[in-house]
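Here the structure is laid out as structure tokens; the discussion comes afterwards.
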Amino acid sequence: MFAALADRAFRQPRRLLVVAGILVAVCGVLGGPVAGKLSTSNSNFEDAGSESIRARHLIEEHSGISPDISLIAVVRAGASLRTPAARRRVESIAATIARDPAVARVYDLYTTGSSTFVSKDGRSTYLAVAFKPVSAGQAETAAKRLDKELSKQPGVLVGGAVLSGTQVGTQVGKDLGKAEALVFPILFLLLLLVFRGVVAALLPLLSGIVAILGTFLALRVVNGFTPMSIFALNLTTGLGLGLAIDYSLFIVTRYREELARVGPGREALVRTLATAGRTACFSGLTVAAALASLLVYPQPFLYSMGTGGIFVALFSVVSALVVLPAVLALLGPRVNALSPARFRRSLERSAQPAAQGFWYRLSQVVMRRPFVFAVGSAALMIALGIPFLGIKFTGVDATALPTSASARQVSDVLDSEFPPNRASPVYVAVEAPRSAAGAVATYARSLRGLAGAAAVQGPRPAGQGLWEIDVVPRETPLASSSKKLVDEVRAASAPFPVLVGGESAAFVDQGHSLASLLPIGLAILIATTLVLLFALTGSVVLPIKSLVMNLLTLSATFGLLVLIFQDGRLESALGYTSQGALEMTQPILLAAIAFALSTDYGVFLLTRIKEARDAGGSNTDAVATGLERTGRLVTSAALLFCVAVGAFATSKIVFIKELGVGMALAVILDATIVRGLLVPSLMRLLGDRNWWAPASLRRLHDRFGLRESDELPAARALPK
């Protein structure tokens with residue numbers, strides 16, 4: 001296959017590039033507007049089949065009103081709320097809101113008579129707005145419409161759950177644009193240093209654009225069948241650039257080596273694709289397979305990330321195996337054009353035998369004392385992971401926004417100036433006839449005795465055969481006591497069928513959903529890693545060892561994230577306010593990404609080690625040669641990848657910042673401690689046992705495994 005791709009690229013490079021250019025242009029035109037079509041709703045983090053969502057839908061169906069408060073407008077009256085002027089102002093704002101076609105009901109001080117709508121100083125109030133059972137997109141549009149209209153009035157702040165979600169999405173779009181503007185110039189400068197030439201430095205950016213635009217179109221198509229989260233764009237951009245850089249660096253570097261060995265022509269291109277191209281293809285498949293583990297989760301945030309990651313990995317492979325070889329076929333030795341003389345001499349040295357250089361010498365030092373380095377580096381990784389044992393989780397709410405966002409300001413005002421949590425109760429949908437009013441009231445009184453309940457409101461009829469009871473938690477909706485309150489309400493004896501919903505219940509259900517599906521997601525990660533690495537190496541030892549090292553990388557990454565974000569160790573440096581916990585989906589998302597990237601770099605190293613061993617080298621020499629051949633490449637790729645995804649650390653959304661920092665930490669740990677110390681020490685300790693497999697599996701690999709020698713030109717063997 002790879003020889004055929006090289007032949008096509010060598011014989012018809014211009015035709016391939018013209019076709020690719022047309023397809024990329026189509027992807028840009030049709031996929032470019034995808035950001036405006038993806039969901040920004042808080043439902044991105046919900047399991048549609050959970051009890052809390054079923055409770056919401058049940059009340060909506062019976063009453064025609066959403067039980068969740070969708071919008072909140074804080075009004076600074078400037079005088080006592082008892083004055084006629086203050087009342088007229090509040091009622092005027094309430095009338096403006098009520099006229100919106102999406103609004104079902106407006107709750108305020110004067111219609112409810114509840115003192116919970118009065119601030120501590122008696123000069124501010126808020127209006128709680130319940131929408132009709134509209135779609136998430138319609139709710140977002142209505143929230144934006146009301147925010148635009150009400151924000152014109154002095155002393156009015158608009159927030160609430162729906163507007164919070166739209167502002168998070170808007171902020172993500174702004175942050176993405178700033179990150180791209182920041183990262184592209186930096187990447188190009190670093191690429192000049194890494195590729196040692198202007199022409200070669202432009203190739204990864206070209207591949208990245210192809211992969212990103214192709215994925216944008218794919219996301220738009222998929223979004224037509226199932227809602228996709230806007231957060232997938234962050235992963236698409238960062239991972240697309242990172243993988244394009246990885247694969248371009250590996251392929252271009254190998255092509256330069258082959259130019260120095262066999263000269264320009266078909267053979268150099270065939271050798272490049274049969275070695276580095278095959279590795280890039282295999283790596284892309286491992287990344288896609290690892291991210292496929294996210295598809296088992298029902299939360300749109302996670303399955304959208306998985307979908308975007310799969311497509312961008314596959315498009316990165318297509319770009320690396322089709323577009324890039326055609327460009328190299330046209331360029332030939334001109335791939336080194338616009339390269340300073342000093343850089344050209346360095347390029348020539350890179351094609352020489354690898355029995356020298358920093359990484360070769362490091363491997364020799366490590367393999368002289370393999371036990372010491374293996375135990376020491378493993379102990380360091382375990383120590384870094386210890387803080388993960390104390391991890392706490394939070395959800396996505398207004399506190400994830402910067403303090404400049406109105407939804408965040410409204411959230412802070414409600415927390416500091418008003419009785420707590422009246423706008424986010426735990427609500428109970430009780431299925432009982434009107435004739436059972438007494439029994440339902442008795443049940444509601446029993447809920448007042450729960451430890452976490454500050455108040456119980458209702459019961460009130462919510463339609464034919466349905467009642468609603470609101471249980472107000474003592475602390476914030478995502479606090480531990482509020483989650484415990486949900487469990488207590490669900491465990492309480494009820495005379496009729498009940499469903500429990502609300503923000504606290506949705507958070508509890510999210511945790512249960514993720515925990516129940518975690519074994520399946522991990523099984524997919526582990527199985528794909530073991531199978532694909534066996535197909536590459538023919539060994540059962542190396543895949544298991546890679547799995548253990550991936551787990552060490554994961555635990556260390558999570559431990560550092562707890563120190564940084566949960567404990568707030570770098571708040572001023574990274575520009576965020578700690579929520580005292582990590583967003584609940586981040587460990588699952590980062591586990592899939594870190595597994596993918598760790599396997600990605602492991603593939604680069606193992607293929608060169610296996611190549612050297614297949615060429616007749618001993619286990620020790622093969623490890624040293626493989627590490628030296630990939631040392632600079634993987635280090636450079638890791639640095640560039642950290643820049644590409646590290647730009648997310650500039651985001652003003654806390655959990656996006658967590659994602660960027662987490663990916664960068666995983667890459668750094670894997671490219672340094674794991675690859676530089678753990679891999680050579682364990683390879684030395686195990687010796688030839690690294691390559692062991694049962695006879696039956698060995699025969700299977702001999703028949704179906706991946707071997708570069710099958711497609712290498714027979715005329716000249718690769719030099720050792």
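Worth pointing out:
- Selection status of Glu583, without any contact (Cβ under 8 Å) to a residue 60 or more places away in the chain and surrounded by fewer than 24 Cβ atoms within 10 Å (Cβ to Cβ): no
- Qualifying residue in segment 543-556 (condition: under 20 Å from the mean Cα position of the chain (by Cα), open to solvent by 40 Å² or more (accessible area, probe 1.4 Å) and in contact (Cβ under 8 Å) with a residue 40 or more places away in the chain): no
- Looking only at segment 421-438, and only at residues there that are charged (D, E, K, R) and outside any helix (DSSP H, G or I), the one that is farthest from Ala455 (Cα to Cα): Glu431
- Within segment 176-193, the set of residues being over 23 Å from the mean Cα position of the chain (by Cα) and either among the polar types (S, T, N, Q) or surrounded by fewer than 21 Cβ atoms within 10 Å (Cβ to Cβ) (or both) comprises Pro185, Phe188, Leu189, Leu190, Leu192, Leu193.
- Residue in segment 142-155 that is open to solvent by less than 10 Å² (accessible area, probe 1.4 Å), assigned to a helix (DSSP H, G or I) and closer than 21 Å to Met228 by Cα present: yes
- Restricting the search to strands (runs of 3 or more DSSP E) fully inside segment 439-532 and requiring at least 1 residues that are open to solvent by 40 Å² or more (accessible area, probe 1.4 Å) and out of contact with any strand residue (DSSP E or B) (no Cβ under 9 Å at 6 or more places or on another chain) gives an empty result.
- Listed by first and then second residue, the pairs with beta-carbon distance under 8 Å, at least 6 apart or on different chains, first residue in segment 492-508 and among the polar types (S, T, N, Q), second surrounded by fewer than 16 Cβ atoms within 10 Å (Cβ to Cβ) and part of a helix (DSSP H, G or I), are Ser493/Ser446.
- Restricting segment 66-106 to residues that are part of a strand (DSSP E or B) and in contact with a Phe, Trp or Tyr (Cβ under 8 Å, 6 or more places away or on another chain) leaves a set whose member that is most open to solvent (accessible area, probe 1.4 Å) is Ala104.
- Among all positions in segment 388-400, there is no residue which is over 33 Å from the mean Cα position of the chain (by Cα), more than 29 Å from Ser119 (Cα to Cα), among the small types (Gly, Ala, Ser) and open to solvent by less than 50 Å² (accessible area, probe 1.4 Å).
- Residue match in segment 90-113 (condition: more than 30 Å from Lys37 (Cα to Cα) and touching a residue at least 60 places away in the same chain (Cβ under 8 Å)): yes
- Asp7 modelled with pLDDT under 85 and either under 21 Å from Ser319 (Cα atoms) or buried (at least 18 other Cβ atoms within 10 Å of the Cβ) (or both): yes
Condition check ((1) more than 30 Å from Leu235 (Cβ to Cβ); (2) assigned to a helix (DSSP H, G or I); (3) open to solvent by less than 30 Å² (accessible area, probe 1.4 Å); (4) modelled with pLDDT of 85 or more) across all residues:
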| residue | (1), (2), (3), (4) |
| --- | --- |
| Ala638 | no, yes, yes, no |
| Val643 | no, yes, no, no |
| Phe648 | no, yes, yes, no |
| Met663 | no, yes, yes, yes |
| Asp670 | no, yes, yes, yes |
| Val679 | no, yes, yes, yes |
| Leu697 | yes, yes, no, no |
| His701 | yes, yes, yes, no |
| Leu712 | yes, no, no, no |
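The values are calculated or read from the model by the stated rules, or taken from the named source; none is laboratory data. Being a predicted model, the structure only gives us computed values, none of them experimental. Positions of Cβ are backbone-derived with ideal geometry, glycine not excepted, and every protein chain shown enters the neighbour counts. Accessible surface is based on the protein model in full, side chains and every heavy atom, while ligands, DNA and RNA are left aside. Shrake-Rupley method; radii C 1.70, N 1.55, O 1.52, S 1.80 Å.
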